[in-house]
1. Filter region 125-141 down to the residues that are over 18 Å from Val161 (Cα atoms) and not in a loop (DSSP other than H, G, I, E, B), then identify the one that is nearest to the chain's Cα centre (by Cα).
2. Can you pull out the residues in region 199-222 that are open to solvent by 10 Å² or more (accessible area, probe 1.4 Å) and either without any contact (Cβ under 8 Å) to a residue 40 or more places away in the chain or more than 18 Å from Ala305 (Cα to Cα) (or both)?
3. Just to confirm my filter: which strands (runs of 3 or more DSSP E) fall fully inside region 151-270 and include at least 1 residues that are within 13 Å of the chain's Cα centre (by Cα) and basic (Lys, Arg)?
4. Would you tally the residues in region 450-501 being closer than 30 Å to Pro410 by Cα and either open to solvent by 80 Å² or more (accessible area, probe 1.4 Å) or assigned to a strand (DSSP E or B) (or both)?
5. Please verify whether region 567-574 includes one or more residues that are assigned to a strand (DSSP E or B), within 29 Å of Gly539 (Cα to Cα) and not acidic (Asp, Glu).
6. If Pro370 satisfies all but one of (1) modelled with pLDDT of 85 or more; (2) open to solvent by 40 Å² or more (accessible area, probe 1.4 Å), what's the number of the condition it fails?
7. Considering only residues of region 1-42 that are surrounded by 14 or more Cβ atoms within 10 Å (Cβ to Cβ), more than 25 Å from Thr760 (Cα to Cα) and of a type in the set (Gly, Ala, Ser), which is modelled with the highest pLDDT?
8. Could you count how many residues in region 645-667 are surrounded by fewer than 21 Cβ atoms within 10 Å (Cβ to Cβ), under 22 Å from the mean Cα position of the chain (by Cα) and of a type in the set (Gly, Ala, Ser)?
Amino acid sequence: MKKLFLLCIILLPIGLAAQTLTQTVRGTVVDKESKFPLIGVSVSTTLEDGSILGTVSDVDGTFRLSNVPVGRRTINLSYLGYEPAILNNIVISSGREVILNVEMDESIAELMEVTVLAQRNGEVRNEMATVSARQFSVEETDRYAGSRGDPGRMASNFAGVQGADDSRNDIVIRGNSPQGVLWRLEGVNIPNPNHFAIPGTGGGPVTILNNKYLANSDFFTGAFPAEFGNSIAGAFDLKMRNGNNEKHEFSAQLGFLGTELLAEGPLSKEKKSSYLLSYRYSTLQLFTFLGIDVGTDAIPQYQDAAFRVNFPQKKGGNLAIWGLGGISNIDIILSEQEAPDTSTLIFGSNDRDQYFGSTMGVGGITWTQPTNENTYFKTTVSASYQEVNSNHDYIFRHVEDGLFVVDSLPAILGYKFAETKYSAYGFVNHKINKKQTIKAGLNVDYFQMNYLDSVRTIVVNPDPDPSTVSDWRIRWDASAGAVLVQPYVNWKLKASERLTLTAGLTSLYFSINNNSFSPLEPRLGLSYDLGSSSKLSFGYGLHSQILPGYLYYYGQETIVGDPQEHNLNLGLQKSHHLVLGYEKLLGSNLRLKAETYYQYLFDIPVEVEPSSFSLLNSGSGFSRFFPDTLANTGTGRNYGIELTLEKFFSQGYYFLITGSVFDSKYRGSDDILRNTVFNGTYAFNGVVAKEFKVGKSAALNLGGKVTCAGGRRYGPVDLEESKKQLEIIWEDEGAFTLQFPAYFRFDAKASFRWNRPKVTHEFSVDFVNVLDRENILTLTFAPDHPDGPIVEEYQLGFLPIFFYKLDF
């Protein structure tokens, strides 16, 4: 075996340099406004020897570049009367064809009158967005160290965006709660697309989404166009890609976090229909095997799947049937613990057995159809389901001869929250002329909500009497339905070759009560080309958002009878958002971007009785919220400045450096201006990677990421009350007056891609928190801990995440 291994090492360089491997690059190119195919677009790429490989698009807007050598390429597209498009950093591998769907923007300038800036990577797909928007590619979710193929974790590299917790992918956008982030897929609003999702949050420990089936998508951080409603913080506008309609391709991945399989190919080559199937299963037993502490001895289990079948229609139309979903569960069983342990749990409490499960699924049909060269419509109908359930058993035990003896395991908590949603979304987009475009649409969701929850508390009796459990109390017992309606209209004007204006109106109505109606929400945008490869942009928006459904139906805890629901009349939470931006190309592959913003939040739910509470401080972590009687009288404000310096991939390397300085404050019902829990005041990210070619068919990529941010806010602990409640109880008067130490983390990534005839191998390892820095997450109540009863809980330590992927 040793001789065979040495022989492989000796022959590997020979195999790498033995031949030049090639692949096909093909796709379609359409007008950005009307989605009508463009005929005669020049598509080319420059090879290492200076020669140009090129083609033109046909009558259907399709193009094909054959025999493109593997490696990273730049694809250039040009067309008379349109702004050129430059696609950097396109990875060509031998195991999978590259299929590109390109949208080109018509120029209003007369020929030779002005030099227009080319469209580049990162420019948003949505034609109505002028500011605080960015397109992200599937390749980016793999490229950035620490992203783990997760759109949420990837977005935390962008200016103004921070991760809320190392163990989760919640994101904080400009000081806003992660609860304010909207997830859309194929135009419809979808439930939280994460495993182990907690009601009222926007993230989770592991994403259900898989970057292998996503197309390039948009991410918005404020003042977004009118078609995006029901969000006050930001939005992910996700798209699924079609499968290869000419050849069958497969991908298999074995990694630390799971095993994945993907298949795609033609259903009918003649009709150009295709399929795409994806499945992932994971059990984190490898963590235990390698002795790595992830905060719990329990083994999280999850699986997810997705599909898309695509049927091209006549006259450029398209019909797609799609779906995705996932299930997850974890059993944290501490009653089997043999002896006292001083460790604390990140994912659960230390005094009970906990059983937790979650389910999420969404499926739909999308039809897109151009009616002529200037008009097209798109409509999607879908259904989704999300469920979270949990049961807790309290552990009564004592110690004999240094070992635990369990006395009893009474049930103290049981809940099941389920939401079914039926959605319909549609719009018509009409290109009036090369200067004006109008887009009008409607989004309708019907919610069917079912919430059940009962609890018993631990009664701590005076010594020597043992503790006991109380009677069951009902907190939720609701079954209700409600409709959300959001019409909108957008208008875009290219007033000159330098000035572009957008304007829109939307409205939001939620039938749960008479207070959830926002009749008019204006949106404005402006982009002005200053010349010298620079532009100025501006955006304004009035935004509103409904509350997490379970908050409306929480009742005063009752031993008998129905819960007394006391928040059924809560209205929408709202915000005004203004953004001013500046962007300049410092070179052919270097971009500087700056944005400053101000956001005023109002009608925020706060407690009726004077207190520091505000819903702006919720929405992350593993806990639900149990509200007292609330009213829409709270306010908040966020402002800051963000800088981005980005080098597109060229000369074998790229980097992305972002920084933000901000302030995030709020007022509760006590009318005191306080820091929000997310007010770290600054954040910095630096991502860099270098690719080294190995022979003619392989590449080694080495990269790293540095994150530094101000610590989260917290307040003094009410120790006596915490002892009574057996959990952390914060003093209200000093809420968020204290701050944890600054957060710092260094991640590294190494990947090796080896192209063989018709097969691509990729080996990758992500080193998370290389320096094993102990970043404080929060405080926890642990009376048995030697440093207790108030103990610091830390973020995840050093964690290697590896995978091997095979494309063929």
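The values are calculated or read from the model by the stated rules, or taken from the named source; none is laboratory data. Keep in mind it's a predicted model, so treat the numbers as computed, not measured. Note that we place each Cβ from the backbone using ideal geometry, even for glycine, and neighbour counts take in every protein chain shown. All accessible areas refer to the heavy atoms of the entire protein, side chains included, with ligands and DNA or RNA removed. Shrake-Rupley method; radii C 1.70, N 1.55, O 1.52, S 1.80 Å.
1. Val138
2. Hits for region 199-222 are Pro199, Gly200, Thr201, Gly202, Asn216, Thr221.
3. Here the list reads 181-185.
4. Looking only at that region, the number is 25.
5. Yes: one or more hits.
6. Status for Pro370: all satisfied but (2).
7. Within region 1-42, the match that is modelled with the highest pLDDT is Ser42.
8. Going through region 645-667 one residue at a time, the tally reaches 1.
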